[in-house]
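Below is one structure, written out as structure tokens, with a few remarks after it.
The values are calculated or read from the model by the stated rules, or taken from the named source; none is laboratory data. The model shown is predicted, which means the values in this text are computed figures rather than measured ones. Heads up, the Cβs are rebuilt from the backbone with ideal geometry, glycines too, and the neighbour counts pull from every protein chain shown.
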Amino acid sequence: MVIPIFSSRNYSIPLPEQHLFPIQKYALVEDQLCYEGLIHLKQIQSAPFIQADEVLAVHSPTYWSKINSLSWTDKEIRKIGFPPSAALRDRSLASAGGTWAAAKAALNSKLALNLAGGTHHAFYDFGEGYCVLNDLAIAARNLLKQQLVKKVMIVDLDVHQGNGTAALFPPNQSEVFTFSMHAKDNYPYHKQISTRDFHLNANIKDDEYLSLLNTELELHLANFKPDIIFYQAGVDALSGDLLGKLNLSLEGLRQRDKMVIHTAADNQIPLVIVMGGGYHKSLSTLVSAHAQTYRTALERYS
């Protein structure tokens, strides 16, 4: 079976020199996976732009208008962290569209990949932390709206809490289970309330992290019984990440990915994987970590 994979030339945009965000990673991860023979260019589908009605299922009309007109205030621009441009708008539309397309595809293929996405800091009416549109929330809400599923689980293992996602799906609703396992003393410093938050102490290492994750996954999967899982597979928990504060090894990240991926596969739950964050001081290490996530999934489902 050919695994659906979504990507776009719009994922990479021009940024000022010395900008902290490693925008090169999107093209480099795709190149690495092709170089290894894990995927082929003809297998990669172009991520469509998300449509207005799909965005408005999650975000406010005023905010949507600002995105289209690039009319953010200086304060709003600082919160997002990217300079406003048509390229940024198109990147955001493609990234959200890629996750939404992957979600629909996964219902049939059991696994689908977006080689971007995971923009979990975007709220109803504003963006922050390099996130403009919340692709996870948009895909989840539209699956429910179209009655394609009844229950969605978002497993967010980025080192930073998925605060926008948590705010968009408060714990008092029963359709979406948001699970965020993140560094306690890290951005965002004002945490939202997910269905389940697990706040990790700084410098946690592989064994403790994996033991905690295994317990959490088993418990919540058994209790919630989702129809689909979104995996926000940020790799900024890796030791040496400039924004991380945790201390996982590459092998620890591989075991983390394997745990989520095999849990979904063994339970025959459709799985969507999105890239999430990563800011390692070594670009080659960062690319290796992201590629490892997708490799682990492709090997399991091949």
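Quick check: anything in segment 277-285 over 14 Å from the mean Cα position of the chain (by Cα), crowded, with 18+ Cβ neighbours inside 10 Å and of a type in the set (A, V, I, L, M)? No, there is no match, as no residue in segment 277-285 is over 14 Å from the mean Cα position of the chain (by Cα), crowded, with 18+ Cβ neighbours inside 10 Å and of a type in the set (A, V, I, L, M). The sole residue among Glu36, Glu17, Glu30 that is among the charged types (D, E, K, R) and at pLDDT below 95 is Glu17. Taking the criterion of being surrounded by 24 or more Cβ atoms within 10 Å (Cβ to Cβ), closer than 22 Å to Tyr279 by Cα and of a type in the set (Ser, Thr, Tyr), the residues of segment 160-195 that qualify are Thr165, Ser180. For segment 290-298, the count of residues that are of a type in the set (A, V, I, L, M, F, W, C), surrounded by fewer than 17 Cβ atoms within 10 Å (Cβ to Cβ) and touching a residue at least 12 places away in the same chain (Cβ under 8 Å) is zero. Being touching a helix residue (DSSP H, G or I) at 6+ places or on another chain (Cβ under 7 Å), closer than 18 Å to Ala233 by Cα and aliphatic (A, V, I, L, M) is a condition met by at least one residue of segment 201-212. Kindly indicate the residue of segment 58-77 that is surrounded by fewer than 13 Cβ atoms within 10 Å (Cβ to Cβ) and small (Gly, Ala, Ser) and also nearest to Trp100 (Cα to Cα) among those meeting that condition. Across segment 58-77, the extreme among qualifying residues is Ser65.
So for segment 232-255 (the condition being of a type in the set (Val, Ile, Thr), buried (at least 16 other Cβ atoms within 10 Å of the Cβ) and closer than 25 Å to Leu144 by Cα), does at least one residue qualify? Checked against the condition, which is being of a type in the set (Val, Ile, Thr), buried (at least 16 other Cβ atoms within 10 Å of the Cβ) and closer than 25 Å to Leu144 by Cα, segment 232-255 yields no hits at all. Looking across segment 262-279 at every residue that is in contact with a helix residue (DSSP H, G or I) (Cβ under 7 Å, 6 or more places away or on another chain) and touching a residue at least 60 places away in the same chain (Cβ under 8 Å), the one that is nearest to Leu242 (Cα to Cα) is identified as Gly278.
Hey, can you tell me all the residues within segment 131-157 that are in a loop (DSSP other than H, G, I, E, B), of a type outside the set (A, V, I, L, M) and touching a helix residue (DSSP H, G or I) at 6+ places or on another chain (Cβ under 7 Å)? Talk me through it step by step, then tell me what you get.
Start the filter on segment 131-157 by keeping residues that are in a loop (DSSP other than H, G, I, E, B), which leaves 132-134, 146-151, 157.
Then drop every residue that is not of a type outside the set (A, V, I, L, M), which leaves 134, 146-147, 150-151.
Within segment 131-157, Asn134, Lys151 meet the criteria.
Among the residues in segment 93-113, are any buried (at least 16 other Cβ atoms within 10 Å of the Cβ), in contact with a strand residue (DSSP E or B) (Cβ under 6 Å, 6 or more places away or on another chain), of a type in the set (Ser, Thr, Tyr) and within 30 Å of Val2 (Cα to Cα)? Yes: segment 93-113 contains one or more residues that are buried (at least 16 other Cβ atoms within 10 Å of the Cβ), in contact with a strand residue (DSSP E or B) (Cβ under 6 Å, 6 or more places away or on another chain), of a type in the set (Ser, Thr, Tyr) and within 30 Å of Val2 (Cα to Cα).
Would segment 209-218 turn up any residue that is buried (at least 20 other Cβ atoms within 10 Å of the Cβ) and polar (S, T, N, Q)? Checked segment 209-218: no residue is buried (at least 20 other Cβ atoms within 10 Å of the Cβ) and polar (S, T, N, Q). Do we find that Ser85 is over 23 Å from Leu113 (Cα atoms) and free of Cβ contacts under 8 Å to residues at least 24 places away in the same chain in this structure? Here the answer is no, as Ser85 does not meet what is asked.
Number of residues in segment 196-207 that are surrounded by 13 or more Cβ atoms within 10 Å (Cβ to Cβ) and either outside any loop (DSSP other than H, G, I, E, B) or touching a His at 6+ places or on another chain (Cβ under 8 Å) (or both): the value is 6.
If the condition is being within 19 Å of Trp100 (Cα to Cα) and part of a loop (DSSP other than H, G, I, E, B), then segment 13-48 contributes Ala47, Pro48.
Of all residues in segment 102-130, those that are assigned to a helix (DSSP H, G or I) and within 14 Å of the chain's Cα centre (by Cα) total 2.
Considering only residues of segment 139-159 that are within 17 Å of the chain's Cα centre (by Cα) and more than 16 Å from Ser174 (Cα to Cα), which is surrounded by the most Cβ atoms within 10 Å (Cβ to Cβ)? Spell out how you get there, then give the answer.
Let us first name the residues in segment 139-159 that are within 17 Å of the chain's Cα centre (by Cα), namely 139-143, 152-159.
Filter once more, so that each one left must be more than 16 Å from Ser174 (Cα to Cα): 139, 156-159.
Working: Ala139: 32, Asp156: 27, Leu157: 27, Asp158: 25, Val159: 25.
This residue is Ala139.
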